[in-house]
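Contents: one structure, followed by commentary.
The values are calculated or read from the model by the stated rules, or taken from the named source; none is laboratory data. Here the structure is a predicted model, which is why all the values come from computation and not from measurement. Every residue, glycine as well, gets a Cβ built from its backbone with ideal geometry; the counts of neighbours run over all protein chains shown.
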Amino acid sequence: MRRLLSVLLALLLTCATIVAPARAGTAREVTYDQYSLMVDGRRIVLQSAEFHYFRLPSQELWRDVLEKFRAAGFNAVSLYFSWAYHSPAPGVYDFTGVRDVDRLLRTAREAGLYVIARPGPYINAESTGGGFPAWLKTVPGRGRSFEPGYREAYREWLHRINPIIARHQVTDGGPVILYNAENEYQVNTDAAYMQDIQDQARAGGITVPITTNDCCDAGSWSSTWATGPGAVQIPGVDDYPQSFECANPGLWGPWGEGLTEKLRDDIPVFAAEYQAGAIDVGDAGYDRCRELTGPAFMKFFYKNNLIQTGATMFSYYMGYGGTNWGWLAQPNDVYTSYDYGAPITEARRLTPKYDEFKRQGYFLEAVAPLAKTDARTSPAIPDNAALTTAARANPDTGTQFVLVGHADRAATGADSATLDWAAPDGRYQVPVQVKGRDAHVLVAGYDLGGQRLAVSTSEIMTHAAIGGRDVAVLYGTAGSPGATVLRYSSQPSVKVLEGAVRAAYSGGDLRLDYAHDGLARVLVTGGGRRPLLLLIGADEETARFWRASTAAGPVLVRGTELLRSATLRGDVVRLAADTVAGEVEVFAPPPARRVEIGLGAAASQGGGQDAGHDDVRVTRTASGSLLGVTRAPAAAKLPELAGWRTRPEAPEAAPGFDDSRWTAADHTTTNSPHPPKTLPVLYADDYGFHYGNVWYRGHFTATGAETRIDLNAITGRRGNYLVWLNGRYLGSAAGGVQADSGDQWTPPNPDPGPGRFDIPAGLLRPGAGNVIAVLVANMGHNDDWIADDLRFKQPRGLVAASVGGTPVAWRIQGTAGADRLRGPLSTGGLYGERTGWHLPKYQDKSWKEAAPATPLTPGVTWFRTSFRLDLPQGQDVPVGLRFGGDPSPAFRVLVFLNGWNVGQYGGDIGPQREFALPAGLLDEHGNNTLALAVTAEQPVAGPGPLSLFAYGNVRGGP
Ligand code: GAL
């Protein structure tokens, strides 16, 4: 019966129309057909990018990043919700402060973005446990299945998160437009589980269409489960054609052509995760990942996908990567930075990839016929076989979209041709050139505002009706030829205001010929149409344009570093913009005569409290725009890091240390699918210690025959453990690892084998109490990528321990108490962490003065200093911490900023030397405390010197 009901429900939900529960004035309807999503019947091309709020623990900066998304022409943001981030223990959930996702969803709406909500329960994302809280490892039942144990646990999460998402749906006036169930669910799949996630969502008030993202180009879940239990309404596909080998940025589609498959006839093509960066698999550094997935890749692969598949739903992974602060990283693939080589860097700076997203995103937003196209035989034939074309057309308007690229997709040279183009308005011969690895989407037969574009071999970036005329921005590769033909009923007057453009009129066609070079400006008036200002530039020049909407219509701005929004009041255009010294040009409707640039949060909200503004003196140009010059930001002075104090710790190593309050590690059974190698069970998670370092103390009465201690710890990749006996340091060993495939205990991922620690002569006390102390790093939890349960549930901490058969009584201690503010992933179990040495209020006056570069002895040594910042008001200066010197494999450093664990350095944990200190955690106008916890495996010089640096400096900011 239950099954029948779910089938009926699934059938009901796969109908193409979702009628929203009405709420007066705000409710909207989300529907779809084979072409696109629709909101209240209006087609949209969904242009989304991924953002992880949990990788940016600063609510104000959420606004900054989301406004930057919107400013690049994205109309949506895709959000994973991390279960682990919110739940330190079963039944305990926190949605406050940096975990306030209500605020996140409000901010998305204020930024003008739709939201694809992705609460998992499993999310992957190179995050610890793939988003699963580590306490789930102790719960019976296979993860990602309908088995009891896991079922109750994931339902608990969904019961908490779904109502939050539900109250922010488009159907209730909010931003959430899609709900993503699970993540790349494949291999060990369970239809009842997929169905239950959706049933829970519907019961929790989710009314928008439900989607899922299939892995690996061939929809595994959705191809098997297109209908029936578990089927979603709009399945999508993930594509990562460039792979993740950032050390080899010259690669070109090693993982395929990246054409997103159409999974069903009744739904739009949905590129649910399309590659927009990469994890840094070979530790090459994220700049190389940005190169691997740079503008050339974007131009070729994204445009191919658009025209070859007709996709109208895109979500790019990642738009902004952020930071694996605390113990957020899944240990096998990533280190502290999750910059991802994304278009917006970890320090929130814009890159050439951002420019390319803007060119493409503005196009998708401005040219409405793109939302409904059918594939058709190309109407544009090149006279050079080195070039090839493919095409789509809108069946209602006839508008044609022609993709031009090299016939040899890997060709890197320039190829030119004349296109013989049978366009809706006539037949045209127009020049085209494709340089490098590139592709162009050209348009013909398009009603561009009040104009008729017959054909163009420039690409359209955007166009807007401003003050009774059309302003259009077209572009092409620098130096390449272009031609644009517009239709008029009589000969118009053409004024070339700037650049070398040849104009000829005949038979209703105004033909303009030019080379893309700098920025040409052409004013066309008369001819039976309203005036047109054409701005035709090379790629780089058009990247300087921004578009924003005001109540009085759109405005275009050229020259600012960013335009968040604009308002028009009387004759004043107020821009919420980031600026440096330079030209600013504003195309706004009359009566605009004056330009102001607002500074800070109030400016971006277009009113309210005034955070100050710059008046820009402007003059009117021949183009009808307002031109002025913006001020240079004031220099930002950053203090030197001095006055360091130090204190060694690890009293736990001493035999007399009082561990009577520690948890007795005496379990003889476990829910783990990995049987213990020795008893008692010593898995840290079984005793409630899930994140960061964990200590063990083992007490035994020696017989005198013991010669060595055999230990075996599983730490996750790049982890280690340190061992003492009766207060004497015996040495360290590498912890067990797990690569991202295979079994946990057998080759190719063997456990590390016992670490063998010989007992030095004279150290053992026969017939008396002896104490082993072990400090084990826990680098984070494996993901459950292929839903095999085993890798995720791989234990952390000691998995075997023996002292020649002598009984040992173990105690364990990890994180002490909850840190409500910073959440479950920030603080581990070092002595200094348990006693608050990382916290800003801690008094370190009694500590010895010493800089971090001083020689270290094995064990744990802390360093602290504080510094005062007073960054210029009304500016955005992202600050970072830089380690000079060499990152030794013999030490590993936890970096705490005002008590927040913002990263790990050294210990062979990635190539990173610079760590972002995000505003919000960083007090930009006050005192800050830095604390370093340095664990050394052997005598070694400490890390240093350390300095603060600015990633950038603009006027404006969030
Ligand atoms: C996808 C997955 C994402 C992320 C990405 C690689 O397969 O859905 O969560 O892991 O790969 O960065």
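Before moving on, here are some points about what is shown:
- Extreme residue, farthest from Arg647 (Cα to Cα), among residues of the range 860-876 that are in contact with a strand residue (DSSP E or B) (Cβ under 7 Å, 6 or more places away or on another chain) and assigned to a loop (DSSP other than H, G, I, E, B): Gly874
- Scanning the range 640-656 for residues that are in a loop (DSSP other than H, G, I, E, B) and more than 12 Å from Asp844 (Cα to Cα) turns up Glu640, Leu641, Ala642, Glu649, Ala650, Ala654, Pro655, Gly656.
- Within the range 80-114, if we keep just the residues that are hydrophobic (A, V, I, L, M, F, W, C) and touching a Gly at 6+ places or on another chain (Cβ under 8 Å), the residue that is farthest from Asp190 (Cα to Cα) turns out to be Val98.
- Note on the range 364-374: residues that are closer than 18 Å to Ser549 by Cα and in contact with a helix residue (DSSP H, G or I) (Cβ under 8 Å, 6 or more places away or on another chain) total 1.
- The residue list Val471, Val485, Val496 contains one member that is in a strand (DSSP E or B), surrounded by fewer than 18 Cβ atoms within 10 Å (Cβ to Cβ) and modelled with pLDDT of 95 or more, which is Val496.
- The one condition in (1) part of a strand (DSSP E or B); (2) touching a helix residue (DSSP H, G or I) at 6+ places or on another chain (Cβ under 9 Å) that Thr211 fails to fulfil: (2)
- Where Asn693 falls short, out of the listed (1) under 23 Å from Trp327 (Cα atoms); (2) polar (S, T, N, Q); (3) exposed (fewer than 15 other Cβ atoms within 10 Å of the Cβ): (3)
The rows are residues; the columns are (1) part of a strand (DSSP E or B); (2) within 29 Å of Gln904 (Cβ to Cβ); (3) away from the ligand (no atom under 16 Å from the Cβ); (4) free of Cβ contacts under 8 Å to residues at least 40 places away in the same chain.
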residue	(1), (2), (3), (4)
Phe757	yes, yes, yes, no
Pro760	no, no, yes, yes
Leu764	no, no, yes, no
Gly767	no, no, yes, no
Asn770	yes, no, yes, no
Ala773	yes, yes, yes, no
Gly780	no, yes, no, no
Asp783	no, yes, no, no
Arg791	no, yes, no, no
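- Top-ranked residue in the range 240-265 [being of a type in the set (D, E, K, R) and modelled with pLDDT under 95; ranked as farthest from the ligand (Cβ to nearest atom)]: Asp265
- Single unsatisfied condition, Asp333 versus (1) crowded, with 22+ Cβ neighbours inside 10 Å; (2) part of a loop (DSSP other than H, G, I, E, B); (3) within 16 Å of the ligand (Cβ to nearest atom): (1)
- Test: residue in the range 75-82 that is β-branched (Val, Ile, Thr) and modelled with pLDDT under 95: no
- Residue in the range 115-130 that is touching a Pro at 6+ places or on another chain (Cβ under 7 Å) and farther than 30 Å from Thr668 by Cβ present: yes
- Filtering the range 167-178 to residues that are away from the ligand (no atom under 16 Å from the Cβ) and either touching a strand residue (DSSP E or B) at 6+ places or on another chain (Cβ under 8 Å) or in a loop (DSSP other than H, G, I, E, B) (or both) leaves Arg167, His168, Gln169, Val170, Thr171, Gly173, Gly174, Pro175, Val176, Ile177.
- Test: residue in the range 261-272 that is surrounded by fewer than 19 Cβ atoms within 10 Å (Cβ to Cβ) and under 20 Å from Ala125 (Cα atoms): no
- Qualifying residues in the range 309-330 (those that are within 16 Å of the ligand (Cβ to nearest atom) and outside any strand (DSSP E or B)) - the one surrounded by the most Cβ atoms within 10 Å (Cβ to Cβ): Gly321
- Boolean, Gly120 is more than 16 Å from the ligand (Cβ to nearest atom), assigned to a loop (DSSP other than H, G, I, E, B) and closer than 27 Å to Leu37 by Cα: no
- Residue identified as within 30 Å of Glu67 (Cα to Cα) and at pLDDT below 95 among Asp355, Asp333, Asp339: Asp333
- Residue within the range 86-109 that is within 16 Å of the ligand (Cβ to nearest atom), touching a strand residue (DSSP E or B) at 6+ places or on another chain (Cβ under 7 Å), in contact (Cβ under 8 Å) with a residue 40 or more places away in the chain and farther than 24 Å from Leu917 by Cβ present: no
- The range 260-270: number of residues that are aliphatic (A, V, I, L, M) and out of contact with any helix residue (DSSP H, G or I) (no Cβ under 6 Å at 6 or more places or on another chain): 1
- Matching entry among Ala635, Ala566 (being modelled with pLDDT of 95 or more and outside any strand (DSSP E or B)): Ala635
- Residue within the range 66-87 that is among the hydrophobic types (A, V, I, L, M, F, W, C), under 19 Å from Tyr316 (Cβ atoms), in contact with a helix residue (DSSP H, G or I) (Cβ under 8 Å, 6 or more places away or on another chain) and part of a helix (DSSP H, G or I) present: yes
- Test for Leu306: is it more than 13 Å from the chain's Cα centre (by Cα), within 16 Å of the ligand (Cβ to nearest atom) and either at pLDDT 95 or above or surrounded by 24 or more Cβ atoms within 10 Å (Cβ to Cβ) (or both): no
- Qualifying residue in the range 268-284 (condition: aromatic (Phe, Trp, Tyr), within 16 Å of the ligand (Cβ to nearest atom), modelled with pLDDT of 95 or more and in a loop (DSSP other than H, G, I, E, B)): no
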